[in-house]
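Participant: Just dropping this structure here.
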Amino acid sequence: MNQLWHHCHAITMAGGSYNVIENAALVIGDGRIVWIGAEADLPDDVAVESRRDLGGRWLTPGLIDCHTHLVFGGDRSGEFEQRLEGVDYETIARQGGGIVSSVRATREADFDTLYASAEARAQVLLSEGVTTLEIKSGYGLDLESERRMLQVARELGRRLPVTVHTTCLAAHALPPEYAGRGDDYIDLVCETILPTLAAEGLVDAVDGFCEGIAFSPEQIRRVFAAARGLGLPVKLHAEQLSHLGGCQLAAEYGALSADHVEYADVDDARAMADSGTAAVLLPGAFLTLREAQSPPIAAFREHGVPMALATDLNPGTSPVMSLRLMMNLACTLFRLTPEEALAGVTLNAAKALGVAATHGSLEVGKVADAVAWEIGGPAELAYWLGGQLPVTRFKAGAVVDR
Ligand code: NIG
Ligand code: FE
């Protein structure tokens, strides 16, 4: 049951570069790409049951948002106002606001309430070309609430045309009932929360927040060891506000990614390159917190660390619902090229989720997740500062909108 897609220009992202094929055609079979090339080179003997004329549009791999916290209760617009009055993120967190205020609201919300608000946010991401989404827990911070968050995430993947990867971020912040007992909370994470939720099939990866206002490298090391014992890959919120050694620790555990990484240095870049750990850049959080220190882009480039980009969609530091806006901000704030920005939301985002063998580029054998754009060329994807570009999304070869 092969289908032919033709009359398009393919931005394949093979090897992380545009690798444009003008006047391209693709043969799709069983939801995978069976053939891709110039339409003029299409072999005569390929059996094709149906044809889709893409009307001269540009085709990219489906976009991948590899770092979100999109399941949460309440909102934190009050803290936004506080920050505008000059109170900083760390001060708000130490006063019992920040992550912990979202924890209160998330614990109070039932499944349906959490699901409804999360689905609305996910739909916005999908509408601009996202076909794969990572969703973290981390606003529950007890077994039941972390479970509910991850169940909501799984349900989103069942009901919406998007692949959802779940990440257990129980080591996100210290819940109020454990005040002054950080190590005891890490015991709970390692001995109860992770093994229980992993056994329930709710966890694809394990994350933590290594920072002065969260957990120390020693505490994160215990979480990583527990993840390793469960056979789960790890990632880490590292060097966001200070340099604590999170990137080195992530690299030591072969982490899929180290995220934020504003305060990472050349040695971190080297270690991440060696361990194949992607750097996930989060310009939405950088902008919202009015950070001054940019991630070490030149060092990542020099050492060949794959740079991914994500929304970090969360109620506190990154109330962002546009992955394409992140492409623009990464270029404007971090000086990525539009080509690097597109790699950041396709192939390198797939690396940050450990799925680059099957996703992230338009290549033979990969899943036919793709987006057809009405644009004049690839750089336009990073050029617009927000706003909606008309898209047609394909999941495993099937049209899912338009
Ligand atoms: O990725 N850095 C830590 N975690 C989130 C912030 C979550 C929050 O403030 O609610 C982040 O930016
Ligand atoms: Fe985050």
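The values are calculated or read from the model by the stated rules, or taken from the named source; none is laboratory data. Just so you know, these numbers come straight off a predicted model, no measurement behind them. All Cβ positions, glycine included, derive from the backbone under ideal geometry; neighbour counts span all protein chains shown. SASA here: full protein model, heavy atoms, side chains in, ligands and nucleic acids out. Shrake-Rupley method; radii C 1.70, N 1.55, O 1.52, S 1.80 Å.
Participant: Grab the other residues whose beta carbon is less than 10 angstrom from that of residue 115, score K and R as +1, D and E as -1, and report the net.
Facilitator: Taking every Cβ under 10 Å from that of residue 115, the sum is -2.
Participant: Still on this model: So what is the relative contact order for the chain, in percent, with contacts set as C-alpha pairs under 8 Å and at least six apart?
Facilitator: 20 percent
Participant: If each Cα of region 1-112 is one equal point scatterer, what is log10 of I(q)/I(0) from the Debye formula at q = 0.19, 0.21 Å⁻¹?
Facilitator: At q = 0.19, 0.21 Å⁻¹ the computed log10 ratios are -0.95, -1.12.
Participant: For the pair residue 379 and residue 184, what calculated FRET efficiency results from E = 1/(1 + (r/R0)^6), where r is the Cβ-Cβ distance and R0 = 41 Å, to the nearest 0.05?
Facilitator: 0.20
Participant: Which value, in Å² and to the nearest 10, is the accessible area of residue 168 when all protein chains are kept and the probe is 1.4 Å?
Facilitator: Taking all protein chains as shown, residue 168 has close to 0 Å².
Participant: Another question about this same structure. Figure the gain on full extension for residue 364 and residue 265 (residue separation times 0.36 nm, minus the Cα-Cα span) and round it to one decimal in nm.
Facilitator: 32.0 nm
Participant: Report the FRET efficiency, 1/(1 + (r/R0)^6), for residue 84 and residue 7, where r is their Cβ-Cβ distance and R0 is 51 Å, rounded to 0.05.
Facilitator: Taking R0 as 51 Å, the efficiency between residue 84 and residue 7 is 0.55.
Participant: Right, another one. With a 1.4 Å probe and all protein chains in place, put 181, 83 in order of accessible area, largest first.
Facilitator: Ranked from most to least accessible, the order is 181, 83.
Participant: How long is the gain from residue 77 to residue 228 if the chain were fully straight, where each residue apart is worth 0.36 nm and the alpha carbon distance is subtracted?
Facilitator: 50.6 nm
Participant: Turning to a different aspect of this structure: Computed FRET efficiency, Cβ-Cβ of residue 45 and residue 303, R0 56 Å: what is it to the nearest 0.05?
Facilitator: The calculated FRET efficiency here is 0.80.
Participant: Ok, one more. Just to check I understand the Karplus step: with θ = phi - 60° and J = 6.51 cos²θ - 1.76 cosθ + 1.60, what whole-Hz values come out for region 68-85, glycine and proline as x?
Facilitator: With the stated coefficients, region 68-85 comes to 9, 10, 7, 9, 6, x, x, 8, 10, 5, x, 5, 4, 5, 4, 5, 5, 8 Hz.
Participant: Based on the alpha-carbon gyration tensor of region 255-402 and its eigenvalue square roots a ≥ b ≥ c, which shape applies: rounded if a/c is under 1.5, prolate if not and a/b is larger than b/c, or oblate?
Facilitator: Verdict is oblate for region 255-402.
Participant: Contact order normalised by length for region 162-253, with contacts defined as Cα pairs under 8 Å and 6 or more residues apart; what percent is it?
Facilitator: 30 percent
Participant: Excluding ligands, DNA and RNA, what is the solvent-accessible area per residue of region 63-353 at a probe of 1.4 Å, expressed in Å²?
Facilitator: Counting only protein heavy atoms, the per-residue value for region 63-353 is 34 Å².
Participant: Right, here's the next one. Using a 7 Å offset from the Cα along the Cα-to-Cβ direction at both residue 124 and residue 292, what is the distance between the two label points in nm, to one decimal?
Facilitator: 3.1 nm
Participant: Considering the chain, what Rg and Dmax in Å follow from its alpha-carbon atoms?
Facilitator: Values for the chain (Cα only, Rg and Dmax): 20.8, 71 Å.
Participant: What is the distance, in nm, between label points placed 7 Å from the Cα along the Cα-to-Cβ direction at residue 388 and at residue 177?
Facilitator: 4.2 nm
Participant: How do 146, 155 stack up against each other in accessible area, from largest to smallest, with a 1.4 angstrom probe?
Facilitator: Putting 146, 155 in descending order of accessible area: 155, 146.
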